1. Could you check how many percent of all C-alpha pairs in the stretch 61-186 are farther apart than 21 Å?
2. Can you give the FRET efficiency to the nearest 0.05 for Ala393 and Glu132, using r as the Cβ-Cβ distance and R₀ = 45 Å?
3. For the stretch 196-278, what is the Kirkwood estimate of the hydrodynamic radius, computed as the reciprocal of the mean inverse distance between distinct Cα atoms, to one decimal in Å?
4. Need the full-extension length gain, Arg275 to Ala102, defined as separation in residues times 0.36 nm minus the C-alpha distance. One decimal, nm.
5. Taking square-rooted eigenvalues a ≥ b ≥ c of the alpha carbon gyration tensor, is the stretch 16-68 rounded, prolate or oblate, where a/c under 1.5 means rounded and, failing that, a/b exceeding b/c means prolate?
6. Which of the residue pairs Lys176/Lys268; Lys6/Lys268; Lys147/Lys234; Lys210/Lys234; Lys7/Lys101 have a Cα-Cα distance greater than 31 Å in the structure shown?
7. Between Asn22 and Arg354, 0.36 nm times their residue separation minus their Cα-Cα distance comes to what?
8. Give the residues of the stretch 350-394 whose amide nitrogen is closer than 16 Å to a point set 7 Å from the Cα of Arg322 in the direction of its Cβ.
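Please treat every number below as a calculation from the coordinates, not as lab data. In this text the structure is predicted, and so the values were computed from the model without any measurement. Note that each Cβ is placed from the backbone with ideal geometry, even for glycine, and that neighbours are counted across all protein chains shown.
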Amino acid sequence: MKSKSKKPDTLLTHAGRHPEQNHGVVNPPVYHASTILHPDVADMEASEAKRLEPVTLYGRTGTPTQFALEEAMAALEGGDRAVAVCSGAAACYVALLAYLKAGDHALIPDSVYGPVRAFATGFLTRFGVAIEFYDPMIGAGIAALVKPNTKAIYLESPGSITFEVQDVPAIVAVAKARGIATMLDNTWASPLFFKPLALGVDVSIVAGTKYIVGHSDAMMGIAICAEHSFAAVKRSAQQLGYHAAPDDSYLALRGLRTAGVRLRAHEKAALAVARWLKARPEIERLLHPAFPDCPGHEFWRRDFSGSSGLFSVTLQRDIPKRAVSAMLDGLELFGLGYSWGGFESLIVPPDPARIRTATKWDAGPLLRLHVGLEDTDDLIADLERGFDRLNKAR
Ligand SMILES: *Cc1c(COP(=O)(O)O)cnc(C)c1O
């Protein structure tokens, strides 16, 4: 299929499928494999020479199910190739490791996903990479932080928990002028609502665990690459021994087929819940990229074509922790759990002030909500009863 000319919903339906190669079966089959047999030495050596290509060589270098998912994700983003690995976090790590070595310096936003912060300050620091966190709203000002040994600028837009939308073209322009690699965590919007590679980012990362799998049951990470960034990312995944398991690749492909309708339903419901929350007296600030209160809202309007189901609110500062717990503990529909992007609603009370190092976080208690596919009126009623409990416990 000539993917460049097709619209996203068509790609979601058709990309990565080759029924003619699989007895006419609509979905790419699951191939469980460690050993792959070759008919002769010449074929074995030819496969070995093509180990970065979607060619079966050994289970760990990828199966046809993983290759189908990679093909579909690359087509959706408009990228050249993709690398699927065992989790979203693993995809973030391979993107960084593709470009960093001992003695290098890397810039990472203060709003970065927590496990990536831990990987940078733990693993990367231990292996001799200097890590510096930056204000996610820094824009072109990042030029002042660049050193002669800066080799990677990491972006995540919007940021985890606090939803700052970054000025991606401004940061990419600084990086490109100095030959610095950029990688962006695009999990929140997915390639359906934001296309970082088109803005010059070198690697676009998606935690497929969230909206691509979409059913809270499998882990998946995809690093989508341009032609020039593919080999380094693929090699770092192979050297780490990462691959995407066949069953999980199948579940990610199955989720992908309905990601368009699901994401638009999450978007609509989240906007309705956010609007309702914004009018509540208990709310201090709404941190949803589609609303003007959110830092970088203007960049969301400029660069994104939609919003997803995840956002935060901060509550009035005089609301004590026990009142927040009283609200959350009794919720019927919003589950208390990590991750997001599945069909169900979730809520968590993280504290950004405890995590940040480059910027100061000063706000009332924060709640991060994932708005699922339940009836929106039922979700609002659940939150309304929650606020009753909160106010009784104040
Ligand atoms: C969840 C998440 C990840 C990591 O994905 P896992 O599959 O859970 O490892 C990375 N980035 C963001 C923004 C996430 O929300």
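1. 41 percent
2. 0.65
3. Values: mean 1/r = 0.0680 Å⁻¹.
Result for the stretch 196-278 stands at 14.7 Å.
4. Details: separation 173, 0.36 × 173 = 62.28 nm, distance 4.76 nm.
Result: 57.5 nm gained on full extension.
5. Prolate shape, in that a/c is at least 1.5 and a/b is the bigger ratio.
6. Lys176/Lys268; Lys7/Lys101
7. Length gained, Asn22 through Arg354: 114.3 nm.
8. Residues 389-394 fall inside that zone.
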